[in-house]
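Working notes, structure below.
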């Protein structure tokens, strides 16, 4: 089942496709301010992790790379690269329907699929990449007691169906094999510990 997410502008809770339509209908300034490309960003291997962002047409892919590192990927300063973008470096050169990939870490790679889903406008923003929507964090249960999980055991994640443990059941396990549960397709990989809720959805901040 496709996960639901929240609109970070108004708080609406919708599925991935419905969220795209919602953004285009209710959060498009229609010719006012900055011209942007609306991007759908998904985990290439697990599409339950997804984002919608807008980014001005004069910005480059390096700006998008910086954002992806901050919200989903950065752990140890690994290299990254885009595939399928041809020679298109500025977002304005992409057309609706274009797809390309981003890869972070050439050893334990986390791949991201990026689709251009709209040409939109917005009021000028301080930050180039604006987060418009994000999937609601998946909930995992402890393999021992069924409580909400706080950690993933990186030694077990490829061998068992449930490598997750709550705070209590994680005690006594090899702490070097444990990483926190995060809302990212890089969860459990290398030394990734999440973005410390910098991009967490806060309902109280959104208008009804």
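Coordinate-derived values only; no laboratory data. Quantities reported herein were computed from a predicted structural model and do not represent experimental measurements. Cβ placement follows ideal geometry from the backbone for every residue including glycine, while neighbour counts extend to all protein chains displayed.
Once the chain from residue 123 to residue 66 is taken as fully extended at 0.36 nm per residue, the excess over their C-alpha distance is 18.3 nm. With each label modelled as a point 7 angstrom along the Cα→C-beta vector, the residue 29-residue 167 pair spans 4.3 nm. Note: relative contact order over the chain, using C-alpha pairs below 8 Å and six or more positions apart, is 26 percent. Computed from the alpha carbon positions, the gyration tensor of the stretch 139-194 leads to an equivalent ellipsoid with semi-axes of 15, 12, 11 Å, biggest first. Each peptide among 33-39, 115-121 gets the average number of other Cβ atoms lying within 10 Å of its residues, and from highest to lowest they stand as 33-39, 115-121. One chain, two ends: residue 197 and residue 108. Fully extended at 0.36 nm per residue, the span grows by 29.7 nm beyond their Cα-Cα distance.
Each 5 Å bin from zero holds the following percent of Cα-Cα pairs in the chain: 1, 7, 14, 18, 19, 16, 11, 7, 4, 2, 1, 0.
Give me the angle, in degrees from 0 to 90, between the Cα long axis of helix 16-26 and the longest principal axis of the Cα atoms of the chain, rounded to the nearest 10. Here the helix axis deviates by roughly 30 degrees. Of the Cα atoms belonging to the stretch 28-68, the radius of gyration and Dmax stand at 12.1, 36 Å.
Measuring nothing but how far apart in sequence close Cα pairs (under 8 Å, 6+ apart) lie, relative to its length, the stretch 139-194 scores a relative contact order of 31 percent. Over the stretch 18-97, the alpha carbon radius of gyration divided by the compact-protein estimate 2.2 N^0.38 Å works out to 1.18. If you wrap the stretch 82-192 in the convex hull of its Cα atoms and look at it from every side, the mean projected area works out to 9.8 nm². Placing a label point 7 Å from the Cα of residue 159 along the Cα-to-Cβ direction, the residues of the stretch 106-150 whose backbone N falls under 20 Å of that point are 142-145.
Residue ranges 75-81, 175-181 sort as 175-181, 75-81 when ordered by packing (mean number of other C-beta atoms within 10 Å per residue, highest first).
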